Amino acid sequence: MLVIALLVGFGLSYFALVDGRFFGAYRWGAWAARPEVGATAPDPYTRAYLARTGTLQLGRGEGVQFIATEDSDGQALTRACTYRVAGSTPVAAFWTLRATTPDGINIAREGTPQSMHSNRLARSNSGVAAIHVGTPLAAGNWLELDAGTGHFQLVLTFYDASFLAGFGASVTALPAVIKEDCA
Amino acid sequence: MIRALLWLIAGLMLGLVIHLVIILILPRFAADNVWTQVQKLEAMGQVVVVPQPAPGAPNPLGLDPEMAYAICQFDLTEGPGAFSGELPADFWSVGIFDRDGVSVYSTTNRSGVGQSLELGIFNAEQTRLLSQQQFEIEEGLLIVAAPQNDVFAVVRLALPYPEMRTRYEQALAALTCGHTNVLDTISDK
């Protein structure tokens, strides 16, 4: 009984704070966000998440951050592969995209842009931007990663995001994360 | 068989209790939360421009490389907090957080405050005094009522280009923050 209790107790807590599905995290495609982190009275799960991460969060009036640890097919993002992040984005003043290790270290190659900014992207005639993420040279918008190995995550931050006013129901579009080639 | 099932159910119930206890006590016992990170910056009563981590270096605060950050910490038992100054016309936002990292207040320059940041932070007692004495505040001053005495403010300033970082961090460093004696002034009237 004690083994079951410890497994359930700690396992459920780990899942609630890391994955967060069913525990306050919002998921759309490959992306996950915790809309309550910017709230003035967050739920206990979000309070525990805030204590565990120790990072500066965005207030609800400032914006919202989405994180993808998997591609749109549910495969974990790995530095052995290249990815294309493409598709529509919700209304916001601007957004940024960066690639980090699971503990937040930026893995863009030194001397290259450390992140992508929505106002500085090459776009198609329809206005949609595609960003290539990976080590091999890519045409267009290229977030060049360093030569490391292992899993990584993509951090997509929307600033002054008006879609937060009706969060959840009004998030109708986030870019897809499409795996291209793997070494 | 029934006994094993009862043990299983008891284990699950106890597991749920352990889970709830962990979630509820974690904020109290977290050793390396955002408050301790901010304290390392020594920003009590003064503006500190947060250095952007070098490529490949740890980023414990989760800073966005497209933004410049300034932080000021307040102990409202010392008096109401004030955070003010002029900022470039590009996007900026300000957030007030308590020691658990919970947002108390946030806004952006798109909400009509323009380039001028004028923020007053008051605890519950100071807010009550402020309202009772009908102090005439300056136009444009944002009044924030904080539920705790330990709070910190973060200003995020968007860089139009990465090359603008030095200039924009200088603009952030020119902001002023600290504790005001506004309530003493009111009492003297």
Exercise. For the subset of the range A:108-131 comprising residues that are free of Cβ contacts under 8 Å to residues at least 24 places away in the same chain and of a type outside the set (S, T, N, Q), which member is nearest to residue B:53 (Cα to Cα)?
Worked result: A:111
Exercise. Any chance the range A:6-22 includes a residue that's touching a residue at least 12 places away in the same chain (Cβ under 8 Å), on the phi < 0 side of the Ramachandran plot, at the interface with chain B (Cβ under 7 Å from one of its Cβ atoms) and under 16 Å from the mean Cα position of the chain (by Cα)?
Worked result: no
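Hey, could you check the range A:37-48 for residues that are within 23 Å of residue B:59 (Cα to Cα) and in contact with a Gly (Cβ under 7 Å, 6 or more places away or on another chain) and say which is nearest to the other protein chains (Cβ to nearest Cβ)?
So the residue we want is A:38.
Mind checking which residues of the range A:1-24 are of a type in the set (Val, Ile, Thr) and at pLDDT 80 or above?
The answer is A:3, A:4, A:8.
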Exercise. If you go through the range B:105-119 one residue at a time, do you hit one that is in contact with a helix residue (DSSP H, G or I) (Cβ under 6 Å, 6 or more places away or on another chain) and modelled with pLDDT of 90 or more?
Worked result: no
For this session: Among the candidates B:25, B:2, B:9, B:18, single out the residue that is over 16 Å from residue A:8 (Cβ atoms) and over 27 Å from the mean Cα position of the chain (by Cα).
Result: B:2
Exercise. Which pairs have Cβ atoms under 6 Å, sit 6 or more apart or on different chains, and link a residue in the range A:52-79 that is more than 7 Å from every other protein chain (Cβ to nearest Cβ) and closer than 22 Å to residue B:101 by Cβ to one that is among the β-branched types (Val, Ile, Thr) and surrounded by 18 or more Cβ atoms within 10 Å (Cβ to Cβ)?
Worked result: A:65/A:157; A:67/A:155
Exercise. Mind checking which residues of the range A:136-164 are within 21 Å of residue A:118 (Cα to Cα) and modelled with pLDDT under 90?
Worked result: A:137, A:138, A:139, A:140, A:160, A:161, A:162, A:163, A:164
Problem set entry | Segments classed as strands (runs of 3 or more DSSP E), wholly inside the range B:1-104, with at least 2 members that are more than 7 Å from chain A (Cβ to nearest Cβ), crowded, with 18+ Cβ neighbours inside 10 Å and touching a helix residue (DSSP H, G or I) at 6+ places or on another chain (Cβ under 6 Å) | B:67-75
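The values are calculated or read from the model by the stated rules, or taken from the named source; none is laboratory data. As the structure is a computational prediction, the values presented were derived from the model and not from experiment. Glycine gets a Cβ as well: all are built from the backbone with ideal geometry, and neighbour counts include every protein chain shown.
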